[in-house]
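What follows is a single structure, written as structure tokens, with notes after it.
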Amino acid sequence: MERKENLNEIVTLAFKAIGLAMAVAVIVLNFLKVQTAAEQIPLLAMGLFSIALASLTGKEYEVKDENEY
């Protein structure tokens with residue numbers, strides 16, 4: 001079971017890194033005036049999608065019942 005949790009953590013980290021890399025790439029490309037804003041939107045969409053997947057594959061936190069002490 002620990003191996004599955006490690007894989008889940010690696011995949012989550014990879015998705016977060018992809019999202020961050022896409023954001024940095026858009027900032028750099030915009031600064032260098034290499035692409036227009038319309039050409040950068042797909043990069044931002046891929047980054048947002050990766051971060052959304054990371055949030056879905058992240059650890060689920062258990063909700064405790066208020067009556068439990």
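The values are calculated or read from the model by the stated rules, or taken from the named source; none is laboratory data. Here the structure is a predicted model, which is why all the values come from computation and not from measurement. When we count neighbours, we look across all protein chains shown, and the Cβ atoms used for this are built from the backbone with ideal geometry, even at glycine.
Mind telling me which of the residues Leu13, Leu20 ends up being aliphatic (A, V, I, L, M), part of a helix (DSSP H, G or I), modelled with pLDDT under 95 and touching a helix residue (DSSP H, G or I) at 6+ places or on another chain (Cβ under 9 Å)?
Leu13
I want to confirm something. Restricting to the stretch 49-61 and keeping residues that are touching a helix residue (DSSP H, G or I) at 6+ places or on another chain (Cβ under 7 Å) and assigned to a helix (DSSP H, G or I), which single residue is surrounded by the fewest Cβ atoms within 10 Å (Cβ to Cβ)?
The selected residue is Thr57.
In the stretch 1-36, what residues are under 14 Å from Ala52 (Cβ atoms) and of a type in the set (D, E, K, R)?
Lys16
Out of the stretch 25-41, which residues are in a helix (DSSP H, G or I) and in contact with a helix residue (DSSP H, G or I) (Cβ under 7 Å, 6 or more places away or on another chain)?
Residues satisfying the conditions are Ala25, Val26, Leu29, Asn30, Gln40.
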